[in-house]
Amino acid sequence: MSYSRFGAVLSFASSVIVVAGSAPSSAQTEGSLCNATAPQQMEPVAAQLEGRWTTTFNPGYVVMGSMVMPHPAAPSPETGRMERTGGELTIVPDSPDGIALPLEWETEVNWSFDRAPRLPDGASGANVPELAVDDEDLSVIAGCSVNELPRLVGTGSATMDGVTLAFTTRMIVVNPDLIFGFQQVDGVVRGQSMVERRSFVMSR
């Protein structure tokens, strides 16, 4: 779970895709966290999320100026843990090159996403991979809409080879053993703005 190099993101598990394709839209899975979004519910949810996680990074894309390039999936899953200190969660990767990301609950802004990648204005590209799932698929898996589930945002930065990279990670807690998310990395490389975006899945 190293939110470090340009390669820090993932591939949605095939078993979850099977569930999405077969479960009825009204189904609510065991351990569901639907409607667990009130501030007083965050501490119990955080306690459920503590412990070890495995992260799989899907293919995504990199934008350099107006050019868009496919970004491959990570070659293998990454591992780490979630720790809770003073009620706040932090992702701590096992890799020594990883970046620990403190997490904050998102309770105000609604999220929406579809399979087609959302490219910055003026950017275009061919062979840019679609997402493995969209918010409709996740609502089938969870039994409720994405915005009725607990959501987390993590931010951090790192400097590599003289380039400062800003990381933003958005996470949707489907249940205590499954998280779907997106990572964005922003930076300036050789005077050119760079944005990397990929989705990921965390499971136990």
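Taking the range 37-51, which residues are small (Gly, Ala, Ser) and either in a helix (DSSP H, G or I) or more than 19 Å from the chain's Cα centre (by Cα) (or both)?
Step one: list which residues in the range 37-51 are small (Gly, Ala, Ser), which gives 38, 46-47, 51.
Selection gives Ala38, Ala46, Ala47.
Anything in the range 176-189 that is surrounded by fewer than 19 Cβ atoms within 10 Å (Cβ to Cβ), part of a strand (DSSP E or B) and of a type outside the set (A, V, I, L, M)? List them, or say none. Those that are surrounded by fewer than 19 Cβ atoms within 10 Å (Cβ to Cβ), part of a strand (DSSP E or B) and of a type outside the set (A, V, I, L, M): Gln184, Asp186. Scan the range 136-175 for residues that are of a type in the set (Gly, Ala, Ser), under 22 Å from Pro59 (Cα atoms) and either open to solvent by 40 Å² or more (accessible area, probe 1.4 Å) or in contact with a His (Cβ under 7 Å, 6 or more places away or on another chain) (or both) and jot them down. Within the range 136-175, Ser157, Ala166 qualify.
Restricting attention to the range 48-84, the residues that are farther than 17 Å from Leu101 by Cα and either open to solvent by 70 Å² or more (accessible area, probe 1.4 Å) or not polar (S, T, N, Q) (or both) total 19. Out of the range 52-90, which residues are under 25 Å from Leu165 (Cα atoms), part of a strand (DSSP E or B) and at pLDDT below 90? Correct list: Gly60, Tyr61, Val62, Val63, Met64, Met67, Val68, Met69, Pro70, His71, Glu88.
Within the range 98-130, restricting attention to residues that are open to solvent by less than 40 Å² (accessible area, probe 1.4 Å) and under 20 Å from Leu178 (Cβ atoms), the residue that is modelled with the highest pLDDT is Leu103.
Out of curiosity, is Pro44 at pLDDT below 90, of a type outside the set (S, T, N, Q) and either out of contact with any Phe, Trp or Tyr (no Cβ under 9 Å at 6 or more places or on another chain) or surrounded by fewer than 19 Cβ atoms within 10 Å (Cβ to Cβ) (or both)?
Numbers: at pLDDT below 90: no; of a type outside the set (S, T, N, Q): yes; either out of contact with any Phe, Trp or Tyr (no Cβ under 9 Å at 6 or more places or on another chain) or surrounded by fewer than 19 Cβ atoms within 10 Å (Cβ to Cβ) (or both): yes.
Judged against the criteria, Pro44 is not a match.
Ser95 meets all of the listed conditions (1) of a type in the set (Ser, Thr, Tyr); (2) outside any loop (DSSP other than H, G, I, E, B); (3) modelled with pLDDT under 95 but one, namely (2).
The values are calculated or read from the model by the stated rules, or taken from the named source; none is laboratory data. Only a predicted model underlies this, so the values are computations on that prediction, with no experimental measurement involved. Quick reminder, even Gly has a Cβ in these numbers, built from the backbone with ideal geometry, and neighbours come from all protein chains shown. We work out accessible area using only protein heavy atoms, side chains counted, and drop any ligands, DNA or RNA first. Shrake-Rupley method; radii C 1.70, N 1.55, O 1.52, S 1.80 Å.
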